[in-house]
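What follows is a short report on a single structure.
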Amino acid sequence: MKTLAERTAAQRPNVALTALLSLAPLAVGVIAAFLLQAVLAPAVGPFYAKLVLDVGIAILLSVSLNIVNGFAGQFSLGHGGFMLVGGYTAAYLTYYGSIALWGTAEIHGGFMEGGDIFFMVACVVGGIVAALAGLLVGLPSLRLRGDYLAIVTLGFGEIMRVVIQRTGDVLPVAEAKQKGMLGSLTNVGGSLGFTDVPQYVSPTPWLEKTGHAGIFFTYIFVAICVVVAFRLKASSNGRALLAVRENEVAAEAMGVVTARAKVTAFVMAAFFAGIAGGLFGHQSTLSPSELGFQKSIDIVIMVVLGGMGSISGAVLAAIVLTLLPEALRNFSQYRMIIYALSLIAIMIARPQGLFGTKEIWETTWWRRLFGRRTKAEAP
Amino acid sequence: MSTAVTSEPVLTAQHLSLAFGGLKAVADFSLTLRAGALAGLIGPNGAGKTTIFNLLTGVYQPDQGEIFLGKQRLNGLKPSARAKAGMARTFQNIRLFGELSVLDNVRTACGVRAKSGLVGALLRTPGWRAEERAITERSMDLLQTLGIAGRAHEQAKSLPYGDQRRLEIARALATEPKVLLLDEPVAGMNTQEKHAMRSMIQQIRVDFEVAVLLIEHDMGLVMEICDHITVLDHGTTIAAGVAADIQNDPAVIEAYLGAPDDAASEGADGVA
Ligand SMILES: Nc1ncnc2c1ncn2[C@@H]1O[C@H](COP(=O)(O)OP(=O)(O)O)[C@@H](O)[C@H]1O
Ligand SMILES: [Mg+2]
């Protein structure tokens with residue numbers, strides 16, 4: 001039988017078509033992000049626009065956590081911690097960086113001008129620093145599994161939170177100028193939170209007022225994250241993660257370097273969590289107590305509910321679980337009870353989550369509703 | 001039936017020993033497997049056959065002894081590195097990626113020969129696409145060879161038992177091995193299925209130019225198709241040679257009569 005190398009050499013992919021196919025989903029994502037910001041947000045008003053924003057950040061978090069918990073099957077409770085690392089890194093950069101560059105911590109320039117670009121770069125740097133933290137936390141995952149790993153990742157998040165809480169007050173502009181960026185490294189607000197972060201991520205309608213394009217920024221990163229997750233899942237690297245989850249011994253025996261696979265999963269997930277932290281942190285005051293244990297749990301619930309390994313499931317769960325508490329606001333005294341009961345009910349009915357590892361369009365009921373009959377299903 | 005095998009040794013195990021606490025699971029085991037060989041490893045339950053596979057594939061490190069694949073020394077290498085070097089196996093207690101499709105089980109194993117990395121996959125470069133297509137194509141061909149292509153899109157865990165064993169073999173072959181270790185590939189099959197599997201193994205050995213080491217604790221099949229047979233009992237090699245010699249060896253007869261099958265003790269612990 002012909003080897004993989006021989007078969008690969010025989011393939012002649014169309015380069016232009018490949019490039020188009022590679023870029024198309026991202027282009028669609030950017031356009032969708034723009035429409036959400038420019039059309040939907042003004043149409044629904046600030047209250048619902050804020051929900052659209054929250055949903056975007058939630059999708060970013062659940063889809064990225066799904067890479068570790070869903071694909072690789074490593075139970076991480078540290079996503080809040082990675083958000084915190086990324087969020088504080090980005091906020092530090094935009095606040096003190098703006099002061100160093102432009103002498104003020106205000107939003108700089110108009111839509112997609114200097115300030116916006118600077119903000120997005122800061123988010124990516126936040127993601128990179130979080131990814132480095134992911135590398136650090138991923139390493140113990142090579143020796144630990146299940147509950148033990150969960151505790152280590154949880155401990156990481158809590159340590160980060162406590163460290164942040166012990167930092168000094170945010171320096172006012174004049175003092176920040178004098179001390180320089182390095183000198184203000186530990187002045188990120190302590191337990192009071194990082195105040196006066198330039199609010200690049202405001203959901204309120206924008207364009208005429210500079211920098212208020214949070215939904216646009218958020219959904220660009222959402223698009224990248226979702227595309228990355230799908231491409232990962234449909235590649236050798238992603239299958240390696242799923243194999244680790246399914247049977248680690250067999251995965252190793254089939255040549256999957258399980259250690260590298262796990263660490264890769266941690267790093268990728270932490271990267272997007274860090275970016276999500278950056279987006280989250282530029283809405284108003286970034287406070288360490290918001291990114292604690294509870295936040296990590298919330299994200300885990302989304303992944304578990306959507307189905308471990310299902311990207312569309314993670315997206316859907318993020319949307320539903322962000323909107324549900326709002327929908328239940330009228331029954332506020334019963335809200336948490338209804339929320340908790342519906343979660344318990346779903347987990348009893350479908351312990352593998354709504355969709356398991358499958359995507360929504362791969363489930364039997366979807367095929368039954370929308371699909372053509374395949375040979376296997378025909379009577 | 002046996003072909004004369006005079007080529008280079010592909011797999012050499014020298015004086016392997018392993019104890020689990022006080023239990024000597026494998027003692028002073030040696031074996032040379034030449035290119036294209038089909039050798040058998042037999043012995044009663046608990047004799048240490050699966051443990052030898054675990055030593056060869058790196059699940060366990062031996063207390064003593066050395067393992068070579070061609071000229072490469074394997075001691076200390078992790079199972080994934082050994083798979084890359086050309087060692088593949090199936091598991092006695094089937095270990096498929098249950099939630100994944102049959103096709104993805106095989107495609108996962110093709111990954112060990114893949115050249116393009118994570119960045120290629122995320123950017124979907126032409127190189128990645130070409131390779132991904134080749135992976136799918138080769139995987140489907142492997143499923144075809146094993147006769148389970150019709151079930152490519154079913155979940156692996158939903159396959160009937162016999163097909164799961166076939167998928168284990170397809171998956172192992174996907175790694176493009178030089179040595180294929182089959183741990184009781186016909187266990188639980190009926191006579192007809194065993195027959196089919198027997199010709200399948202002979203076919204695979206030729207088509208894939210792979211040396212096969214076959215564990216089977218009932219002698220019949222092994223006697224018929226193997227060029228060389230090693231008999232184990234309580235971790236020690238009690239006989240080794242061609243089928244005719246083994247069949248008449250008093251120590252072998254003794255071991256088989258003296259130690260009746262005890263299914264309850266099978267694969268007590270560890271990786272089977
Ligand atoms: N991980 C382990 N820990 C302790 N004992 C083991 C372990 N693996 C195998 N054994 C023991 O080693 C002996 C050989 O087992 P095994 O190699 O599975 O036998 P076989 O495959 O020939 O039936 C048995 O007594 C078994 O219980
Ligand atoms: Mg065994």
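We did not get these values from a lab; they are worked out from the coordinates using the rules stated. Fair warning: this is a prediction, and the values are worked out from it, not measured in the lab. Neighbour counts are summed over all protein chains in view; Cβ atoms, including those assigned to glycine, are modelled from backbone coordinates with ideal geometry.
Details
- Selection from A:Trp102, A:Ala273, A:Val30, by position along the positive dipole direction of region A:24-291 (Cβ): A:Ala273
- Between amide H atoms placed 1.01 Å from N, distances below 5 Å from B:Leu232 occur with B:Ile42, B:Gly43, B:Ile238, all of them 5 or more places distant or on a separate chain.
- Candidates A:Glu326, A:Glu248, A:Glu106, ranked by Gaussian network fluctuation over chain A, Cα under 10 Å, top entry: A:Glu326
- Of A:Leu305, A:Leu324, A:Leu20, the residue with the greatest mean-square motion in the GNM of chain A, using alpha carbon springs below 10 Å, is A:Leu20.
- Sorted by Cβ neighbour density within 10 Å, fewest at the top, the residues A:Val267, A:Val304: A:Val267, A:Val304
- Note on A:Ile344/A:Val28: beta-carbon distance plugged into 1/(1 + (r/R0)^6) with R0 of 25 Å gives a FRET efficiency of 0.10.
- Look at the alpha carbon pairs under 8 Å that are at least 6 residues apart: their mean separation over the length of chain B gives a relative contact order of 28 percent.
- Helix A:173-183 vs. chain A, principal-axis angle (Cα, 0 to 90°, nearest 10): 50 degrees
- Counting other Cβ atoms within 10 Å as a rough exposure proxy, the listed residues A:Ile159, A:Ile59 run A:Ile159, A:Ile59 from fewest neighbours to most.
- Region B:22-76 shape via C-alpha gyration tensor axes, a/c threshold 1.5: oblate
- Mean separation of Cα contacts under 8 Å, 6 or more apart, over the residue count of chain A: relative contact order %: 29 percent
- Working from label points 7 Å from Cα in the Cα-to-Cβ sense, the A:Thr104 to B:Lys115 distance is 5.6 nm.
- For region A:137-151, the Karplus equation 6.51 cos²θ - 1.76 cosθ + 1.60, evaluated at θ = phi - 60°, returns couplings of 7, x, 4, x, 5, 6, 9, 10, 9, x, 4, 5, 5, 4, 5 Hz by residue, with Gly and Pro reported as x.
- Proximal lysines relative to B:Lys84, as straight alpha-carbon distance under 20 Å, when same-chain residues fewer than 8 apart are discounted: A:Lys2, A:Lys262, B:Lys71, B:Lys115, B:Lys178
- Neighbourhood charge, 15 Å Cβ-Cβ cut-off, centred on B:Ser139 and excluding it, Lys, Arg +1 and Asp, Glu -1: +1
- In this calculation the C-beta distance from B:His15 to A:Ile159 is compared with R0 = 51 Å, giving a FRET efficiency of 0.55.
- Global geometry of region A:24-291, whether rounded, prolate or oblate, following the gyration tensor of its Cα atoms and the 1.5 cut on a/c: oblate
- Likely footprinting exposure, A:Ser332, A:Ser76, A:Ser202, fewest C-beta neighbours within 10 Å first: A:Ser332, A:Ser202, A:Ser76
- Karplus-derived HN-Hα couplings along region B:240-245 (A = 6.51, B = -1.76, C = 1.60, θ = phi - 60°), whole Hz, x at Gly and Pro: 8, x, 7, 3, 4, 5
- Extension gain (nm, one decimal) between B:Ser30 and B:Met140, 0.36 nm per residue minus Cα-Cα: 35.9 nm
- Take the Cα of A:Thr3, step 7 Å toward its Cβ, do the same at A:Thr285, and the gap between the two points is 6.4 nm.
- Under 15 Å, Cβ to Cβ, from A:Val55 - net charge with Lys/Arg +1 and Asp/Glu -1: -2
- Gyration tensor verdict on the protein assembly as shown (Cα atoms; rounded if a/c is under 1.5, prolate if a/b is larger than b/c, oblate otherwise): prolate
- Estimated FRET transfer efficiency (A:Arg12, B:Lys157; beta-carbon r; R0 25 Å; 0.05): 0.10
- Neighbourhood charge, 15 Å Cβ-Cβ cut-off, centred on B:Thr237 and excluding it, Lys, Arg +1 and Asp, Glu -1: -3
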